[in-house]
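Working notes, structure below.
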Amino acid sequence: MEKYFVYAIKSTISERIYIGLSANPEKRLISHNKGDTKSTKGFRPWCIFYKKFIGGRFEARREEKRLKSGAAREFLKTLAKTANMKIASDIPR
C-alpha cells in the first residue's frame with residue numbers, strides 16, 4: 001500500500017494556495033512548476049510550505065478536504081504568510 005502526504009503550495013507571484021495529496025510531494029511540485037496541472041499552470045512558480053504524512057489514500061483525501069474547508073484554509077493562509085516572512089528574512093541584503 002502506498003503512503004500519502006497532504007501538501008500545500010503557494011504561488012510565488014500571487015497569494016494563491018493549492019492543496020493536494022501525493023505519494024511524492026516533491027515530484028508533484030516539479031509537475032506543478034512545469035505547467036502539467038491546468039489549475040496551477042498560470043500561477044507558476046510554486047513552493048511547498050506545508051506537508052503532512054497521512055498514510056493511506058482514503059485518509060489523505062479526507063485530510064485534503066478538511067484543509068480546503070474554511071477554518072483550516074485560514075490556518076494555511078496564515079502559515080503561508082509566516083513562511084514567506086521566514087524566506088524573506090533569509091535573503092541576504
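Once the Cα atoms are used to define both axes, helix 25-34 deviates from the longest principal axis of the chain by about 60 degrees. Share of the chain's accessible area from carbon and sulfur, percent, 1.4 Å? Exposed carbon and sulfur together represent 56 percent of the surface. Sorting 4, 18 by accessible area puts them as 18, 4; the probe is 1.4 Å, largest comes first, and only protein heavy atoms count.
By the helix-only formula, in which each DSSP H run with n ≥ 4 contributes -39500 (n - 2.57) and the sum is divided by residues, the chain has a 222 nm mean residue ellipticity of -15000 deg cm²/dmol. Past 20 Å, Cα to Cα: identify those pairs from 3/51; 27/77; 38/77; 10/81; 34/81; 38/68, in the order given. Distance filter (> 20 Å) returns 27/77; 38/77; 34/81.
I'd like to know which of 70, 6, 24 lies farthest towards the positive end of the charge dipole of the chain, counting +1 on Cβ of Lys and Arg and -1 on Cβ of Asp and Glu. Going by the charge dipole, the pick is 70.
Considering every alpha-carbon pair of the stretch 8-60, the percent of pairs per 10 Å bin, from zero through the bin containing the longest distance, is 26, 55, 19, 1. With a cut-off of 11 Å between beta carbons, the residues surrounding residue 37 carry a summed charge of +4, where Lys and Arg count +1 and Asp and Glu -1.
Rolling a 1.4 Å probe across the protein heavy atoms gives the stretch 2-93 an accessible surface of 65 Å² per residue.
The values are calculated or read from the model by the stated rules, or taken from the named source; none is laboratory data. None of the values given here were measured: they were computed from a predicted structure. As a convention, Cβ positions derive from the backbone with ideal geometry for all residues, glycine included, and neighbour counts pool all protein chains shown. Side chains are part of the model used for accessible areas, which takes the heavy atoms of the whole protein and leaves out ligands, DNA and RNA. Shrake-Rupley method; radii C 1.70, N 1.55, O 1.52, S 1.80 Å.
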